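Chemist: Can you read through this structure? Questions will come right after.
The values are calculated or read from the model by the stated rules, or taken from the named source; none is laboratory data. Because the structure is predicted, anything quoted here is derived from the model rather than measured. Cβ: placed from backbone, ideal geometry, glycine included. Neighbour counts: every protein chain shown.
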Amino acid sequence: MLLANNRIRKDKEIRTVLQKGKGCYGGLFGLRVMSNSLTNNRFALVISNKVSKKAVKRNRLRRQLWAVIRSNLAKFKENNDIIILVRPKTDILKINFADIKEETEKMFKKANILK
């Protein structure tokens, strides 16, 4: 888990980024990015019940995605709100961590949010 100042906490802020942010989508994930007035990046993950009905599986995926974000935290351009949307009806739960990390980093590069 990231520090509180690196997470988007409020539902209203998440909705704003989802509505007004620029989108970038791939096979497993989607990203919504919007600049903010803060000095740091903030992140949120959206993993719906359609990905898996079991909370254990969704939480495992959430922990893996937070680990990817944490490992790349110094590489991000500053002043962005970033939401990672996990696409339902993909086999993301069967993919190992290395492939999830690779796919996520590809999406970060595609969205042009890495330095």
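Chemist: Going by the conditions given, is Ala4 at pLDDT 95 or above and over 17 Å from Lys110 (Cα atoms)?
Modeler: The answer is no for Ala4.
Chemist: OK, next. For residues that are touching a Cys at 6+ places or on another chain (Cβ under 9 Å) and small (Gly, Ala, Ser), tally how many sit in the stretch 58-115.
Modeler: 1
Chemist: Within the stretch 81-99, is there a residue that is touching a helix residue (DSSP H, G or I) at 6+ places or on another chain (Cβ under 6 Å), at pLDDT below 95 and not aromatic (Phe, Trp, Tyr)?
Modeler: yes
Chemist: State all residues of the stretch 5-29 that are of a type in the set (S, T, N, Q) and either free of Cβ contacts under 8 Å to residues at least 12 places away in the same chain or closer than 20 Å to Leu65 by Cα (or both); if no residue qualifies, say none.
Modeler: Asn5, Asn6, Gln19, listed by residue number.
Chemist: Quick check on Ala98: is it aliphatic (A, V, I, L, M), within 16 Å of Met1 (Cα to Cα) and not in a strand (DSSP E or B)?
Modeler: No: the conditions fail for Ala98.
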